[in-house]
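Novice: Just dropping this structure here.
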């Protein structure tokens, strides 16, 4: 791992009366004007710029006027769960008489609006199907729904394939011909935009002349959670959505389900950050879809009953503990597959498979192996019927979904189906094709990346002066975001004297440090350290990459360094 300076523009932009450090941090993340730091809802990109939005609203207005039965078909991750919840609650707020949801069980039906899921949906007797966080690749599923006489509205954010489904309306910022400036909306963001457009149309039709206009801003806590958990880039538009959702949570106005998950995780809602959404709330919600059925997660988010929400949050927490245990075992098995492989012989693109691996956890496994070996990684599990299901994670500079497209074009019939984003993708293939696929994927990674691209790096925002290690700056950095994908939390580096070191938990290193000049003493913690290296009383000086954070203990706040990388100096 190497630490490199984050690049700054040649000329720093004027961002108002900000401290120089914040100006530098924002400029390094591409902020070019003060307007980009305005996180008010009025700064959201207008919904009118989304292709297909008028056709979508036409369908929904007709459904509301005719009191049609609406069925939302979601996905089994946190984005899909929050999008399903936003769709159900939002349409009810806006006057829909009959709204229900259906989320495929990943182990029975797999992903998306398939013909098989349409058959299940028909038992609910819907008149309008709405997909959230899926559907852009559901050519056969949409065709099946249309043959059954259903209207279909696709709302999605995934990249389209060569053929689009023939739905009655399709809203996706990434579809061909859509000029919506932000391509980074999560699935939950797309359905929220559809609801904004629907409310505006209903307002123009006079629906709210005799009744109060619904406040769909009540759903922004869910939008924030789904956006952060799906690791979409936090561009200016997404930062507004996430900031507004965080403000609702901090003010105590979150859904009972989100409050309950925070309670079971022992997190104070008033102090929550985007990092907490991604690493605390998101994994517990995802655990339902990974190990069982995401309906539990959706019901937790839907309920208004605080006691019931706490009961379901406890179940989700238990599932998350089970997921961690399964994941740790799979990591050990993956490392055993690679331990005897010399570094110079390791593939540029890793493909890993074990017939006993859990389908719902292979995405996390791929992420962990990618972080350890700094190369695109796909982990596979047995999906039954002679098929393997793979989940991939990528590194900066390698678009994994496009790479799968290249492999599929070069080797017809090798991959059964695939889809995803630049940094994450999923695919299915016959088990006998695994060796050839692994070879072809490695070849495509080698075509695009060089060996020096696979060494791993951390981008630092520089060093902090001694006088900058104070609570005011730590608090300011915590709330200067929201931080996330493509808008990373500030990371600094420096050399420190190691005064004390001890392991807490199983693999966390608590340290006491002195600044290089010895004038300031600081606490720090590094998670998931290598027990073969730490603790080591012979090491007196270390180089760190760290985040400046606030630690609260028994009502007292102190500065703490959250250590991302530590090595002897």
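Read-outs throughout are calculated quantities, based only on the coordinates presented, and are distinct from any laboratory measurement. Since the model is a prediction, treat every value here as computed from it, not as a measurement. We place every Cβ from the backbone using ideal geometry, glycine too, and count neighbours over all the protein chains shown.
Novice: Distance between Cα centroids, the range 1-58 to the range 219-253: provide it in whole Å.
Specialist: Going from one Cα centre to the other spans 15 Å.
Novice: How much of the DSSP bridge set in the chain is antiparallel, in percent, rounded to the nearest 5?
Specialist: 65 percent
Novice: Based only on other Cβ atoms within 10 Å, what is the fewest-to-most ordering of 423, 346?
Specialist: 346, 423
Novice: Taking other Cβ within 10 Å of each residue's Cβ, how do 470, 421, 479 sort, fewest first?
Specialist: 479, 470, 421
Novice: OK, next. With each label point set 7 Å from Cα along the Cα-Cβ vector, what nm distance links residue 550 and residue 18?
Specialist: 1.9 nm
Novice: Compute the Cα gyration tensor for the range 230-292, then decide on rounded, prolate or oblate, letting a ≥ b ≥ c be the square roots of its eigenvalues: rounded whenever a/c is under 1.5, prolate when a/b is larger than b/c in the other cases, and oblate in all that remain.
Specialist: oblate
Novice: Could you pull the Cα extents of the chain along its three principal axes, largest to smallest, in whole Å?
Specialist: 74, 60, 50
Novice: Output the Cα-based Rg and Dmax of the range 119-186 in Å, rounding Rg to one decimal and Dmax to a whole number.
Specialist: Looking at the range 119-186, its Cα Rg and Dmax stand at 12.3, 39 Å.
Novice: So, one more: Averaging over all projection directions, find the projected area of the Cα convex hull of the range 513-569 and quote it in nm² with one decimal place.
Specialist: Its Cα hull, projected and averaged over all orientations, spans 4.7 nm².
Novice: Would you mind checking the tilt of helix 236-250 against the longest principal axis of the Cα atoms of the chain, expressed as 0 to 90 degrees and rounded to 10?
Specialist: Here the helix axis deviates by roughly 80 degrees.
Novice: How many angstrom lie between the C-alpha centres of the range 111-161 and the range 400-420?
Specialist: 23 Å
Novice: Could you bin all the Cα-Cα distances of the range 131-268 into 5 Å bins starting at 0 and give me the percent of pairs in each, rounded to whole numbers?
Specialist: That works out to 2, 9, 16, 17, 17, 15, 12, 8, 3, 1, 0, in percent per bin.
Novice: Extent of the range 52-315 along each principal axis, from alpha carbon coordinates, in Å, largest to smallest?
Specialist: So the extents along the principal axes, rounded to whole Å, are 49, 47, 35.
Novice: Which number do you get for Rg(Cα) / (2.2 N^0.38 Å) in the range 324-483?
Specialist: Computed over Cα atoms of the range 324-483, the ratio equals 1.22.
Novice: Also, quick follow-up: Any chance you could check the Cα centroid distance between the range 286-343 and the range 487-553 for me, in angstrom?
Specialist: Taking the Cα centre of each part, the range 286-343 and the range 487-553 sit 29 Å apart.
Novice: Pulled fully out, how much extra length does the chain show between residue 476 and residue 120, if you take 0.36 nm times their separation in residues and subtract their Cα-Cα distance?
Specialist: Here the answer is 123.1 nm.
Novice: Hey, another quick one. Where in the range 458-477 does the amide nitrogen come within less than 13 Å of the point 7 Å from the Cα of residue 557, taken along Cα to Cβ?
Specialist: Flagged as within label range: 470-477.
Novice: Calculate how steeply helix 362-373 sits against the longest principal axis of the alpha-carbon atoms of the chain, using the helix alpha-carbon long axis, and give the answer as 0 to 90 degrees to the nearest 10.
Specialist: Helix 362-373 sits at roughly 30 degrees to that axis.
Novice: Contour minus end-to-end for residue 333 and residue 33, with contour as 0.36 nm per residue of separation and end-to-end as the Cα-Cα distance?
Specialist: Stretched fully, the residue 333-residue 33 segment lengthens by 103.1 nm.
Novice: Over the chain, what is the relative contact order in whole percent, taking alpha-carbon pairs under 8 Å and six or more residues apart?
Specialist: 11 percent
Novice: How big is the range 460-568 on each of its three principal axes, counting only the C-alpha atoms and giving the largest first in Å?
Specialist: Rounded to whole Å, the extents work out to 38, 32, 31 Å.
Novice: Moving to a separate point now. Based on the mean of other Cβ atoms within 10 Å per residue, sort peptides 246-258, 298-310, 24-36 so the most packed one is first.
Specialist: 246-258, 298-310, 24-36
Novice: On a 0 to 90 degree scale, rounded to 10, what angle separates helix 306-338 from the longest Cα axis of the chain?
Specialist: For 306-338 against the chain, the angle is about 60 degrees.
Novice: Can you give the FRET efficiency for residue 452 and residue 409, using 1/(1 + (r/R0)^6), R0 = 30 Å, r = Cβ-Cβ distance, to the nearest 0.05?
Specialist: With R0 = 30 Å, the Cβ-Cβ based efficiency is 0.60.
Novice: Something else about it: Rounded if a/c is under 1.5, else prolate if a/b beats b/c, else oblate: with a ≥ b ≥ c from the C-alpha gyration tensor eigenvalues square-rooted, which is the range 1-134?
Specialist: The shape class here is prolate.
Novice: Another one. Consider a paramagnetic label point 7 Å from the Cα of residue 434 along Cα→Cβ; state which residues of the range 383-407 have an amide N under 15 Å from it.
Specialist: 383-392
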